[in-house]
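Undergrad: After the structure tokens below, expect a handful of questions from me.
The values are calculated or read from the model by the stated rules, or taken from the named source; none is laboratory data. As the structure is a prediction and not an experimental result, all values here were calculated from the model. For neighbour counting, all protein chains shown are included, and Cβ atoms are generated from backbone atoms with ideal geometry for every residue, glycine included. Calculation scope for accessible area: heavy atoms of the full protein, side chains included, ligands and nucleic acids excluded. Shrake-Rupley method; radii C 1.70, N 1.55, O 1.52, S 1.80 Å.
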Amino acid sequence: MSVAYVFPGQGAQYVGMGRELASAYPVAEQTIRAADGALGFSLSDIIFSGPEATLRLTYYTQPAIMAVSIAALRVFEEQVEGVVPAFVAGHSLGEYTALVAAGAIAYEDALQLVHYRGRLMDEAVPAGEGTMAAVLAADLELLDDLCVSITQTLGQPVELANINCPGQVTVSGAIGAVEELIVRAKEAKAKRAIKLDVSGPFHSSLMAPAADRLAKALGDQTWQPPQVPLVANVSAKALRAVDEVTLALREQLAAPVRWEESVKAMVAAGVDTFVEFGPGSVLSGLVRKTDKRVKTLQVEELTSLADTVAFFRQEGSPE
């Protein structure tokens, strides 16, 4: 058995996430409450009590998902000893959580970093000027060609943003260009093309100013080489050097998340079991759609924790 740990990104959040684990396990509550001290405001109240509109603000969402994901990981590590993943990976924001899990950055430092990242993303493009859309069951090469054509015709960018799994892609860019892409994708017989309820054109070139500002914050942090290789969103390659990791994080903000390629790379390297830590099971679904042969597990609340712990106790530690 070869295991990868994966961590969700923005969109997985919901009010009350992590409450079950925090009520049952002191390490989970301590981990989530530690975010309050790190950030200087009560993130735990936003996580547990909302309101949803506040939790959905990018600069709260990102540290909130990280806090709950690391809490889930720490509970699991208390319950099962000796599991060492072959790789860690995360979707967008989740890449930072993965680096905490791999020992590359301190948890409190990472919380501050993603809170700042969220503010940069929120400020990068004025409200109402950029957006994203999901496109299902469209030919990827055709979709990329449409993006290039529309960008050239309108003089406004629309670009591939998240290549999640076979048949599931998101695009990102200026509102007019994204709306034109939706029309053209439907004409090209995409199963579905729909605008997403997001606050900005994430993972597009419109985020380049935010990426430039993020670079300084990344450089100001204290980093260690990850103890477990990180499979990076921007390249789907395993990274262990600090300079490679920080460059990938900078580039990731304005570049596509290559999740499908990342999963395939981990499977090709021998991974047969993926464990998703944190709210929801979106990544587990994307992994299964990419390769049906692999095992997916989650640690989100008490039931999923119990199932995952039971699996590892029965199977033993990965070789």
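Undergrad: Quick check on region 178-201. Is at least one of its residues in a loop (DSSP other than H, G, I, E, B), among the basic types (Lys, Arg) and at pLDDT below 95?
TA: yes
Undergrad: Let me ask something else. I'm trying to understand the selection: among the residues of region 23-43, which are of a type outside the set (A, V, I, L, M, F, W, C) and touching a helix residue (DSSP H, G or I) at 6+ places or on another chain (Cβ under 6 Å)?
TA: Those that are of a type outside the set (A, V, I, L, M, F, W, C) and touching a helix residue (DSSP H, G or I) at 6+ places or on another chain (Cβ under 6 Å): 25, 29, 31, 33, 36, 42.
Undergrad: Just a yes or no: is a residue in region 240-250 in contact with a helix residue (DSSP H, G or I) (Cβ under 7 Å, 6 or more places away or on another chain) and polar (S, T, N, Q)?
TA: yes
Undergrad: Among the residues of region 104-137, which ones are outside any helix (DSSP H, G or I), touching a residue at least 12 places away in the same chain (Cβ under 8 Å) and open to solvent by 30 Å² or more (accessible area, probe 1.4 Å)?
TA: Once the filter is applied, which keeps residues that are outside any helix (DSSP H, G or I), touching a residue at least 12 places away in the same chain (Cβ under 8 Å) and open to solvent by 30 Å² or more (accessible area, probe 1.4 Å), region 104-137 yields 106, 127, 128, 129, 136, 137.
Undergrad: Can you tell me which residue in region 223-254 is most open to solvent (accessible area, probe 1.4 Å), limited to those that are in contact with a Leu (Cβ under 6 Å, 6 or more places away or on another chain) and in a strand (DSSP E or B)?
TA: The extreme case among them is 239.
Undergrad: Right, something else. Tell me yes or no: at least one residue of region 198-219 is over 22 Å from the mean Cα position of the chain (by Cα), more than 30 Å from residue 241 (Cα to Cα), crowded, with 21+ Cβ neighbours inside 10 Å and touching a residue at least 40 places away in the same chain (Cβ under 8 Å).
TA: Looking for residues that are over 22 Å from the mean Cα position of the chain (by Cα), more than 30 Å from residue 241 (Cα to Cα), crowded, with 21+ Cβ neighbours inside 10 Å and touching a residue at least 40 places away in the same chain (Cβ under 8 Å), one finds none in region 198-219, hence no.
Undergrad: Give me the pairs: first residue in region 167-189 and in contact (Cβ under 8 Å) with a residue 60 or more places away in the chain, second residue of a type in the set (A, V, I, L, M, F, W, C) and part of a helix (DSSP H, G or I), beta-carbon distance under 8 Å, and six or more apart or on different chains, which are they?
TA: Final answer for the pair search is 168/286.
Undergrad: Considering (1) assigned to a helix (DSSP H, G or I); (2) open to solvent by less than 60 Å² (accessible area, probe 1.4 Å); (3) over 30 Å from residue 16 (Cβ atoms); (4) out of contact with any strand residue (DSSP E or B) (no Cβ under 7 Å at 6 or more places or on another chain), say which one residue 260 fails and leave the rest.
TA: Result: residue 260 passes all but (4).
Undergrad: Is it the case that some residue within region 17-33 is in contact with a Phe, Trp or Tyr (Cβ under 9 Å, 6 or more places away or on another chain), closer than 24 Å to residue 121 by Cβ and either open to solvent by 10 Å² or more (accessible area, probe 1.4 Å) or modelled with pLDDT under 95 (or both)?
TA: No; the residues of region 17-33 include none that is in contact with a Phe, Trp or Tyr (Cβ under 9 Å, 6 or more places away or on another chain), closer than 24 Å to residue 121 by Cβ and either open to solvent by 10 Å² or more (accessible area, probe 1.4 Å) or modelled with pLDDT under 95 (or both).
Undergrad: Of all residues being out of contact with any Pro (no Cβ under 9 Å at 6 or more places or on another chain) and open to solvent by less than 10 Å² (accessible area, probe 1.4 Å) in region 90-103, which is nearest to residue 194 (Cα to Cα)? Just the residue, please.
TA: This residue is 95.
Undergrad: On to the next question. Considering each of 204, 284 in turn, give the residue that is in contact with a Ser or Thr (Cβ under 7 Å, 6 or more places away or on another chain), among the hydroxyl-bearing types (Ser, Thr, Tyr), modelled with pLDDT of 95 or more and closer than 23 Å to residue 74 by Cβ.
TA: 284
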